[in-house]
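Engineer: First, the structure itself, so that you have it in front of you.
The values are calculated or read from the model by the stated rules, or taken from the named source; none is laboratory data. What you are looking at is a predicted structure, and each value in this text was computed from that prediction instead of being measured. Reconstructed Cβ throughout: ideal geometry from the backbone, glycine too, with neighbour counts over all protein chains shown. The protein model used for the area step is the full one, side chains on, heavy atoms only, and it has no ligands, DNA or RNA in it. Shrake-Rupley method; radii C 1.70, N 1.55, O 1.52, S 1.80 Å.
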Amino acid sequence: MADSELRREELFSTYPLTRYGKGQIILRPDEEVTKAIYIQEGTITQYDITPAGNEVILNIFKPGSFIPMSNILNDVPNRYFFCAANPVAARLVPAEQMVAHLRNEPDILIDLLKRVYRGTDGLIRRTAHLMGGSARSRLLFEMLNAVCRFGDEDTRGVAYLKISENDLAKRSGLTRETVNRVIRELKNEGLVVVRRNIIEFPDIAKVEAAIGIDL
(Lines give C-alpha, C1' and ligand atoms only; values in the text may rest on other atoms or scores of the structure.)
Protein backbone atom coordinates (compact mmCIF):
# COMPACT_ATOMS: atom_id res chain seq x y z
CA MET A 1 0.00 0.00 0.00
CA ALA A 2 1.36 3.44 -0.95
CA ASP A 3 2.18 6.01 1.72
CA SER A 4 -0.72 8.20 0.57
CA GLU A 5 -3.13 5.28 0.95
CA LEU A 6 -1.79 4.49 4.43
CA ARG A 7 -2.20 8.13 5.41
CA ARG A 8 -5.76 8.15 4.09
CA GLU A 9 -6.67 4.98 5.97
CA GLU A 10 -5.09 6.32 9.15
CA LEU A 11 -6.90 9.65 8.84
CA PHE A 12 -10.38 8.29 8.19
CA SER A 13 -10.18 5.39 10.62
CA THR A 14 -11.05 7.87 13.37
CA TYR A 15 -14.58 8.33 12.00
CA PRO A 16 -17.52 6.00 12.81
CA LEU A 17 -17.77 2.87 10.68
CA THR A 18 -21.22 2.28 9.21
CA ARG A 19 -22.35 -0.85 7.39
CA TYR A 20 -25.03 -1.08 4.72
CA GLY A 21 -26.69 -4.23 3.42
CA LYS A 22 -26.94 -5.09 -0.24
CA GLY A 23 -29.70 -3.04 -1.87
CA GLN A 24 -29.95 -0.55 1.00
CA ILE A 25 -30.58 3.05 -0.06
CA ILE A 26 -27.83 5.24 1.41
CA LEU A 27 -28.91 8.61 0.03
CA ARG A 28 -32.09 9.77 -1.73
CA PRO A 29 -32.77 12.70 -4.06
CA ASP A 30 -33.18 16.04 -2.26
CA GLU A 31 -31.96 14.51 1.00
CA GLU A 32 -29.69 16.96 2.82
CA VAL A 33 -26.03 16.04 2.48
CA THR A 34 -24.28 16.58 5.82
CA LYS A 35 -21.56 13.93 5.60
CA ALA A 36 -19.09 12.59 3.07
CA ILE A 37 -19.12 8.83 2.69
CA TYR A 38 -15.67 7.24 2.47
CA ILE A 39 -16.01 3.70 1.10
CA GLN A 40 -13.76 1.12 2.74
CA GLU A 41 -15.41 -2.07 1.49
CA GLY A 42 -17.98 -2.83 -1.19
CA THR A 43 -19.37 -0.68 -3.98
CA ILE A 44 -22.07 1.99 -4.12
CA THR A 45 -24.26 2.59 -7.16
CA GLN A 46 -25.47 6.04 -8.17
CA TYR A 47 -28.66 5.91 -10.22
CA ASP A 48 -31.65 7.90 -11.41
CA ILE A 49 -35.23 7.04 -12.33
CA THR A 50 -36.43 8.06 -15.79
CA PRO A 51 -39.92 9.56 -16.37
CA ALA A 52 -40.92 6.12 -17.66
CA GLY A 53 -39.96 4.61 -14.31
CA ASN A 54 -36.79 2.85 -15.47
CA GLU A 55 -33.69 2.74 -13.31
CA VAL A 56 -30.54 4.02 -15.03
CA ILE A 57 -27.14 3.47 -13.43
CA LEU A 58 -24.97 6.59 -13.68
CA ASN A 59 -21.86 5.57 -11.79
CA ILE A 60 -20.45 2.94 -9.48
CA PHE A 61 -18.04 3.88 -6.70
CA LYS A 62 -15.31 1.54 -5.46
CA PRO A 63 -13.38 1.38 -2.17
CA GLY A 64 -11.32 4.52 -1.66
CA SER A 65 -14.01 6.78 -3.14
CA PHE A 66 -15.66 9.73 -1.42
CA ILE A 67 -19.31 10.56 -2.16
CA PRO A 68 -21.21 12.74 -2.89
CA MET A 69 -18.40 15.29 -3.27
CA SER A 70 -20.09 17.48 -5.88
CA ASN A 71 -22.85 18.30 -3.43
CA ILE A 72 -20.44 18.95 -0.57
CA LEU A 73 -18.01 21.13 -2.53
CA ASN A 74 -20.63 23.07 -4.50
CA ASP A 75 -23.28 23.20 -1.77
CA VAL A 76 -26.02 21.98 -4.13
CA PRO A 77 -28.85 19.49 -3.48
CA ASN A 78 -28.41 15.83 -4.26
CA ARG A 79 -30.51 14.70 -7.24
CA TYR A 80 -29.74 10.98 -7.30
CA PHE A 81 -30.15 7.71 -5.46
CA PHE A 82 -27.07 6.07 -3.90
CA CYS A 83 -27.48 2.39 -3.10
CA ALA A 84 -25.23 -0.38 -1.75
CA ALA A 85 -24.54 -2.74 -4.67
CA ASN A 86 -23.26 -5.30 -2.17
CA PRO A 87 -22.41 -5.21 1.55
CA VAL A 88 -20.67 -1.89 2.20
CA ALA A 89 -18.51 -0.62 5.05
CA ALA A 90 -18.00 3.15 5.05
CA ARG A 91 -16.72 5.97 7.22
CA LEU A 92 -19.02 8.98 7.60
CA VAL A 93 -17.13 12.28 7.67
CA PRO A 94 -18.92 15.56 8.50
CA ALA A 95 -18.97 17.73 5.38
CA GLU A 96 -17.03 20.64 6.86
CA GLN A 97 -14.32 18.29 8.12
CA MET A 98 -14.07 16.63 4.71
CA VAL A 99 -13.48 20.01 3.09
CA ALA A 100 -10.83 20.79 5.71
CA HIS A 101 -9.05 17.49 4.96
CA LEU A 102 -8.95 18.35 1.25
CA ARG A 103 -7.42 21.73 2.06
CA ASN A 104 -4.82 20.29 4.44
CA GLU A 105 -4.00 16.94 2.81
CA PRO A 106 -2.65 17.39 -0.76
CA ASP A 107 -2.37 13.63 -1.37
CA ILE A 108 -6.07 13.12 -0.62
CA LEU A 109 -7.01 16.04 -2.86
CA ILE A 110 -4.88 14.72 -5.72
CA ASP A 111 -6.40 11.25 -5.34
CA LEU A 112 -9.88 12.75 -5.51
CA LEU A 113 -8.99 14.79 -8.61
CA LYS A 114 -7.60 11.67 -10.32
CA ARG A 115 -10.86 9.83 -9.67
CA VAL A 116 -12.91 12.80 -10.90
CA TYR A 117 -10.96 13.06 -14.16
CA ARG A 118 -11.09 9.30 -14.78
CA GLY A 119 -14.83 9.46 -14.22
CA THR A 120 -15.16 12.49 -16.51
CA ASP A 121 -13.25 10.72 -19.27
CA GLY A 122 -15.56 7.72 -18.96
CA LEU A 123 -18.60 9.99 -19.03
CA ILE A 124 -17.40 11.70 -22.21
CA ARG A 125 -16.82 8.36 -23.92
CA ARG A 126 -20.21 7.10 -22.77
CA THR A 127 -21.88 10.24 -24.13
CA ALA A 128 -20.19 9.71 -27.50
CA HIS A 129 -21.57 6.20 -27.71
CA LEU A 130 -25.03 7.32 -26.64
CA MET A 131 -25.07 10.08 -29.27
CA GLY A 132 -23.42 8.35 -32.19
CA GLY A 133 -23.36 4.64 -31.49
CA SER A 134 -25.72 1.75 -31.96
CA ALA A 135 -27.13 -0.50 -29.27
CA ARG A 136 -24.23 -2.84 -29.99
CA SER A 137 -21.51 -0.22 -29.43
CA ARG A 138 -23.25 1.12 -26.33
CA LEU A 139 -23.38 -2.32 -24.77
CA LEU A 140 -19.80 -3.15 -25.78
CA PHE A 141 -18.60 0.07 -24.19
CA GLU A 142 -20.45 -0.59 -20.93
CA MET A 143 -19.11 -4.14 -20.72
CA LEU A 144 -15.55 -3.05 -21.49
CA ASN A 145 -15.73 -0.22 -18.98
CA ALA A 146 -17.15 -2.53 -16.31
CA VAL A 147 -14.61 -5.32 -16.82
CA CYS A 148 -11.73 -2.83 -16.69
CA ARG A 149 -13.01 -1.34 -13.40
CA PHE A 150 -14.53 -4.34 -11.66
CA GLY A 151 -13.49 -7.44 -13.58
CA ASP A 152 -11.11 -10.26 -12.63
CA GLU A 153 -8.92 -12.79 -14.42
CA ASP A 154 -9.16 -16.55 -14.16
CA THR A 155 -6.22 -18.98 -14.09
CA ARG A 156 -6.03 -18.85 -17.89
CA GLY A 157 -5.60 -15.08 -17.88
CA VAL A 158 -9.08 -14.56 -19.34
CA ALA A 159 -10.89 -11.45 -18.10
CA TYR A 160 -14.38 -11.96 -16.75
CA LEU A 161 -17.14 -9.90 -15.18
CA LYS A 162 -19.85 -10.91 -12.75
CA ILE A 163 -22.92 -9.04 -13.99
CA SER A 164 -26.50 -9.76 -15.01
CA GLU A 165 -28.28 -8.72 -18.20
CA ASN A 166 -30.60 -6.65 -16.05
CA ASP A 167 -27.66 -4.63 -14.65
CA LEU A 168 -26.20 -4.19 -18.14
CA ALA A 169 -29.54 -2.81 -19.28
CA LYS A 170 -29.53 -0.30 -16.41
CA ARG A 171 -25.99 0.81 -17.20
CA SER A 172 -26.47 1.18 -20.94
CA GLY A 173 -30.02 2.56 -20.96
CA LEU A 174 -31.13 -0.32 -23.21
CA THR A 175 -34.00 -2.71 -22.68
CA ARG A 176 -33.21 -6.15 -21.32
CA GLU A 177 -34.52 -7.66 -24.55
CA THR A 178 -32.06 -5.60 -26.58
CA VAL A 179 -29.20 -6.54 -24.26
CA ASN A 180 -30.10 -10.23 -24.62
CA ARG A 181 -30.17 -9.95 -28.42
CA VAL A 182 -26.84 -8.13 -28.67
CA ILE A 183 -25.14 -10.57 -26.28
CA ARG A 184 -26.30 -13.47 -28.45
CA GLU A 185 -24.70 -11.76 -31.44
CA LEU A 186 -21.45 -11.20 -29.54
CA LYS A 187 -21.41 -14.85 -28.46
CA ASN A 188 -21.79 -15.96 -32.07
CA GLU A 189 -18.88 -13.73 -33.04
CA GLY A 190 -16.70 -15.18 -30.30
CA LEU A 191 -16.25 -11.84 -28.51
CA VAL A 192 -17.78 -13.07 -25.26
CA VAL A 193 -18.53 -16.32 -23.49
CA VAL A 194 -21.55 -16.24 -21.21
CA ARG A 195 -22.25 -18.34 -18.17
CA ARG A 196 -24.78 -17.67 -15.43
CA ASN A 197 -24.31 -13.96 -14.56
CA ILE A 198 -20.69 -14.17 -15.73
CA ILE A 199 -19.35 -12.77 -19.00
CA GLU A 200 -15.89 -13.82 -20.18
CA PHE A 201 -13.80 -11.82 -22.66
CA PRO A 202 -11.35 -14.17 -24.37
CA ASP A 203 -9.63 -11.24 -26.13
CA ILE A 204 -10.16 -7.71 -24.75
CA ALA A 205 -8.33 -6.21 -27.76
CA LYS A 206 -10.98 -7.63 -30.08
CA VAL A 207 -13.73 -6.05 -27.98
CA GLU A 208 -11.98 -2.67 -28.18
CA ALA A 209 -11.57 -3.09 -31.93
CA ALA A 210 -15.24 -4.02 -32.28
CA ILE A 211 -16.26 -0.74 -30.64
CA GLY A 212 -14.10 1.23 -33.03
CA ILE A 213 -15.39 -0.63 -36.06
CA ASP A 214 -19.01 -0.27 -35.01
CA LEU A 215 -18.69 3.52 -34.66
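Engineer: Looking at Asn71, Asn78 in this structure, which one is modelled with pLDDT of 90 or more, in contact with an Asp or Glu (Cβ under 9 Å, 6 or more places away or on another chain) and among the polar types (S, T, N, Q)?
Structural biologist: Result: Asn78 is the single residue among Asn71, Asn78 that is modelled with pLDDT of 90 or more, in contact with an Asp or Glu (Cβ under 9 Å, 6 or more places away or on another chain) and among the polar types (S, T, N, Q).
Engineer: Filter the stretch 46-90 down to the residues that are in contact with a Ser or Thr (Cβ under 7 Å, 6 or more places away or on another chain), part of a strand (DSSP E or B) and open to solvent by 30 Å² or more (accessible area, probe 1.4 Å) and list them by number.
Structural biologist: Residues satisfying the conditions are Val56, Phe61.
Engineer: If I ask for residues that are of a type in the set (S, T, N, Q) and closer than 21 Å to Gly64 by Cβ, which ones from the stretch 134-157 would you list?
Structural biologist: The one that is of a type in the set (S, T, N, Q) and closer than 21 Å to Gly64 by Cβ: Asn145.
Engineer: Condition first: within 16 Å of the chain's Cα centre (by Cα) and surrounded by 12 or more Cβ atoms within 10 Å (Cβ to Cβ). Now tell me which residues in the stretch 91-133 satisfy that.
Structural biologist: If the condition is that a residue be within 16 Å of the chain's Cα centre (by Cα) and surrounded by 12 or more Cβ atoms within 10 Å (Cβ to Cβ), then Leu112, Arg115, Val116, Gly119, Gly122, Leu123, Arg125, Arg126 are the ones that fit.
Engineer: I'm trying to understand the selection: among the residues of the stretch 19-45, which are open to solvent by 40 Å² or more (accessible area, probe 1.4 Å) and outside any loop (DSSP other than H, G, I, E, B)?
Structural biologist: Arg19, Ile25, Lys35, Gln40, Glu41
Engineer: Given the structure, is Arg181 open to solvent by 50 Å² or more (accessible area, probe 1.4 Å), at pLDDT below 90 and of a type outside the set (Asp, Glu)?
Structural biologist: When the stated conditions are applied, Arg181 does not pass them.
Engineer: Another question, if that's okay. Considering only residues that are surrounded by fewer than 19 Cβ atoms within 10 Å (Cβ to Cβ) and either touching a residue at least 60 places away in the same chain (Cβ under 8 Å) or of a type outside the set (Ser, Thr, Tyr) (or both), look in the stretch 168-178 and name the one that is nearest to Ser137 (Cα to Cα).
Structural biologist: Gly173
Engineer: Quick check on my filter: what residues within the stretch 184-209 are open to solvent by 50 Å² or more (accessible area, probe 1.4 Å), assigned to a loop (DSSP other than H, G, I, E, B) and either under 19 Å from Gly133 (Cβ atoms) or of a type in the set (Lys, Arg) (or both)?
Structural biologist: Glu189, Arg196 - these are the residues of the stretch 184-209 that are open to solvent by 50 Å² or more (accessible area, probe 1.4 Å), assigned to a loop (DSSP other than H, G, I, E, B) and either under 19 Å from Gly133 (Cβ atoms) or of a type in the set (Lys, Arg) (or both).
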